[in-house]
Amino acid sequence: MKQNWTYKKLGECFTNIRNGANIKQFSPADGIPITRIETLSNNVFNRDKLGYANIHSIENYEKYILNEGDILMSHINSAKYLGRAVVYHQKEGENIIHGMNLLRLVPISIMPNFAEYYFKSFHFKKQIAQITKKAVNQASFTTTDLKNVTIPVPSLPTQQRIVSELDLLQSIIDKQQAQLKELDTLAQAVFYDMFGDPVENEKGWEVKKLGEIASFKNGLNYSLNETGKMYYIIGVSDFQSKSEIRCDTKLSTIYTNDAIDNGYLLQDNDILFVRSNGNKQLIARNMLVKTNNLDVTYSGFCIRARIVDEIASPFFINFLLKLPSSHKALTMKGRGCNISNLNQTTLNDFDIIVPPLPLQQSFASKIESIEKQKAAIAQSIAETQKLFDYTMDKYFG
């Protein structure tokens, strides 16, 4: 225990650790806003993820109206969000109902933001893991269990100092992440300025079918062996939001007693697509591959495109296919539904603008400069995050 710190149970630091109102929710934004699990997405109070209560009057639910400084915590039916907690900061004139599946904690002897940081700590997550082990549904815990979880409580000035220190580090990370988004927007703006919208093709560039300039091959279905030759493998989880993957030894590996056919080994500047996934939003996500001289293959949930015509730059084609209008055109079918799986026929028939190669190369040079800026910012974020994590561990480890 740190000097002059006490450890208390959450039940001593918060009043009304309780469930929310049991109200049916619906989608249209013309009812009374109500919280749901997704409201805690991205570790913030996400107003875009509110539900709406199917009631006409709020008078009977006044005890469920959130107040400034209330903490909301997910505690049931979602392993992804379990134990996630955020402080609610009320906007002027705002009335939001505390809904089911989230607990509401009202601080009485602790700073809300100090508690919020603690709830993000490894020490708290470890306690949550312990109390969920005994639950029938291990993606849940009860209010009684939560009240018995301990929390460090230093003096109020110490809490304020710790919050200020962590707030500063978090604000630096937030600003740097915003810079990354701005650079992504800039890169897209450069494309639109040079080439226009690739689907509308208002500048009248030559159009070809993707199958005229690229060959395709579905990925490898493999079994897990423990012996044989080792290969690195790229799967759907490696895509995330990347535009490019530079292969390294952190990739997953497979072993096989039979050599993998060269057709399944990736080459520099191959383009990979997500072919199949339970989340339709991920289908057709693409990225450019740099193998770094490793033997790398790809899973059966992917399709490989290899540019075979020198009139097209793989970098240009990969960037074009990541643009929102291109991705939408590639993944939408009749009646505006998302496709369930991407296939070679869809890729083969997809229309691609093909500006002169020198223009494509000029574009690549401009984006390379932007990417260097992004890499520097990403490195700075990693260093600041490391300092943030160290500070969290120093106080809550």
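The values are calculated or read from the model by the stated rules, or taken from the named source; none is laboratory data. Predicted, not measured: the structure shown is a model, and the values here were computed from it. Here the Cβ positions follow ideal geometry from the backbone for every residue, glycine too, while neighbour counts run over all protein chains shown. Heavy atoms of the whole protein, side chains included, go into the accessibility calculation; ligands, DNA and RNA do not. Shrake-Rupley method; radii C 1.70, N 1.55, O 1.52, S 1.80 Å.
Observations
- Failed item, numbered, when Lys208 is tested on (1) within 26 Å of Val236 (Cα to Cα); (2) in contact with a strand residue (DSSP E or B) (Cβ under 8 Å, 6 or more places away or on another chain); (3) among the basic types (Lys, Arg): (1)
- Any hit, segment 202-215, residues being polar (S, T, N, Q) and over 24 Å from Asp309 (Cα atoms): no
- Residues satisfying the stated conditions in segment 193-243, i.e. surrounded by fewer than 14 Cβ atoms within 10 Å (Cβ to Cβ) and hydrophobic (A, V, I, L, M, F, W, C): Val207, Leu224, Met230
- Filter pass, Gly211 being among the small types (Gly, Ala, Ser) and at pLDDT below 95: no
- Checking Val44 against (1) open to solvent by less than 60 Å² (accessible area, probe 1.4 Å); (2) within 25 Å of Tyr118 (Cα to Cα); (3) aliphatic (A, V, I, L, M), the condition it does not meet: (1)
- Scope segment 352-397; condition open to solvent by less than 50 Å² (accessible area, probe 1.4 Å) and among the hydroxyl-bearing types (Ser, Thr, Tyr); matching residues: Ser362, Ser380, Thr384, Thr391, Tyr395
- Scanning segment 143-166 for residues that are within 28 Å of the chain's Cα centre (by Cα), surrounded by 15 or more Cβ atoms within 10 Å (Cβ to Cβ) and more than 15 Å from Lys2 (Cα to Cα) yields Leu146, Val163, Glu165, Leu166.
- Every residue from segment 131-153 that is assigned to a helix (DSSP H, G or I) and either among the polar types (S, T, N, Q) or modelled with pLDDT of 75 or more (or both): Ile131, Thr132, Thr143, Thr144, Asp145, Leu146, Lys147
- Check on Lys8, closer than 23 Å to Lys126 by Cα, open to solvent by 40 Å² or more (accessible area, probe 1.4 Å) and either outside any strand (DSSP E or B) or among the small types (Gly, Ala, Ser) (or both): no
- Of the strands (runs of 3 or more DSSP E) lying entirely inside segment 244-348, those containing at least 3 residues that are open to solvent by 50 Å² or more (accessible area, probe 1.4 Å) and either touching a Leu at 6+ places or on another chain (Cβ under 9 Å) or without any contact (Cβ under 8 Å) to a residue 60 or more places away in the chain (or both) are 252-256.
- Residue within segment 181-192 that is over 30 Å from the mean Cα position of the chain (by Cα), loosely packed, with under 14 Cβ neighbours inside 10 Å and at pLDDT 95 or above present: no
- Test: residue in segment 154-173 that is in contact (Cβ under 8 Å) with a residue 40 or more places away in the chain and in contact with a Lys or Arg (Cβ under 8 Å, 6 or more places away or on another chain): yes
- Scan of segment 34-55 for residues that are at pLDDT 90 or above and part of a strand (DSSP E or B), ordered by number: Ile34
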